[in-house]
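The values are calculated or read from the model by the stated rules, or taken from the named source; none is laboratory data. None of these values were measured; they are calculated from a predicted model. Cβ coordinates were reconstructed from backbone atoms using ideal geometry, including for glycine residues, and neighbour counts include every protein chain displayed.
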């Protein structure tokens, strides 16, 4: 690959997405490590990941550095990072697994549709649907981590924190389901029309 093309692909926004992609598995390991400081370290990394998710998109649009590679990498990094966090939440009984499944199903559905659109050369921007969902999920993730960091499992407040965490995750699920339905209602007819050509 020529140097200029490589430099364009490996621009700063894409490097931030790569970093977020790598931090997903790192967070998974941290969730299973003992230590009083670990929950605060996880919280710090999660906040960092959420900030990079906003920063990479902002810089790419502001500098005109959006690339086809970045359009694939950014949602992939988000999916791996957030799915990892939500699964760890369920494993550690921060939230119910049944509230995590809709989020995972949504990511599978959207990833499949993106693949179909790419195969059929259909240009479709899901950004306007991604941003509200991503914002709500970010708030929910940080809120749940904050509560469980300061109210561990042996705390008298744990059951209350667990209930509140599930309520917050329920809100995130509702937004996730809504964005999925909205996405499908717009993109599926476009795919079906392309089949008739």
When you look at residue 77, is it within 25 Å of residue 101 (Cα to Cα) and touching a helix residue (DSSP H, G or I) at 6+ places or on another chain (Cβ under 6 Å), yes or no?
yes
Are any residues in the stretch 29-54 outside any loop (DSSP other than H, G, I, E, B) and either touching a strand residue (DSSP E or B) at 6+ places or on another chain (Cβ under 9 Å) or free of Cβ contacts under 8 Å to residues at least 40 places away in the same chain (or both), and if so, which ones?
29, 30, 38, 41, 44, 45, 48, 49, 51, 52, 54
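Could you say whether any residue in the stretch 79-93 is surrounded by fewer than 13 Cβ atoms within 10 Å (Cβ to Cβ) and more than 17 Å from residue 141 (Cβ to Cβ)? It would help to see each step written out before you state the result.
So in the stretch 79-93, the residues surrounded by fewer than 13 Cβ atoms within 10 Å (Cβ to Cβ) come out as 92.
With the extra rule that they be more than 17 Å from residue 141 (Cβ to Cβ), the set shrinks to none.
No; the residues of the stretch 79-93 include none that is surrounded by fewer than 13 Cβ atoms within 10 Å (Cβ to Cβ) and more than 17 Å from residue 141 (Cβ to Cβ).
Would you check if residue 174 is part of a helix (DSSP H, G or I), in contact with a helix residue (DSSP H, G or I) (Cβ under 8 Å, 6 or more places away or on another chain) and under 30 Å from residue 75 (Cβ atoms)? Show your work before the answer.
On the way: part of a helix (DSSP H, G or I): yes; in contact with a helix residue (DSSP H, G or I) (Cβ under 8 Å, 6 or more places away or on another chain): no; under 30 Å from residue 75 (Cβ atoms): yes.
No, not satisfied.
Suppose we filter 163, 192 for residues that are exposed (fewer than 12 other Cβ atoms within 10 Å of the Cβ), at pLDDT 90 or above and in a helix (DSSP H, G or I); which single one remains?
When all the criteria are applied, what remains is 163.
Okay, residues lined up against (1) over 22 Å from residue 54 (Cα atoms); (2) within 13 Å of the chain's Cα centre (by Cα); (3) assigned to a loop (DSSP other than H, G, I, E, B):
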position: 70; (1), (2), (3): no, no, no
position: 77; (1), (2), (3): no, yes, no
position: 82; (1), (2), (3): no, yes, no
position: 89; (1), (2), (3): yes, no, no
position: 93; (1), (2), (3): yes, no, yes
position: 123; (1), (2), (3): yes, no, yes
For the stretch 15-28, indicate whether the set of residues that are under 18 Å from the mean Cα position of the chain (by Cα), part of a helix (DSSP H, G or I), more than 28 Å from residue 91 (Cβ to Cβ) and modelled with pLDDT of 90 or more is non-empty.
yes
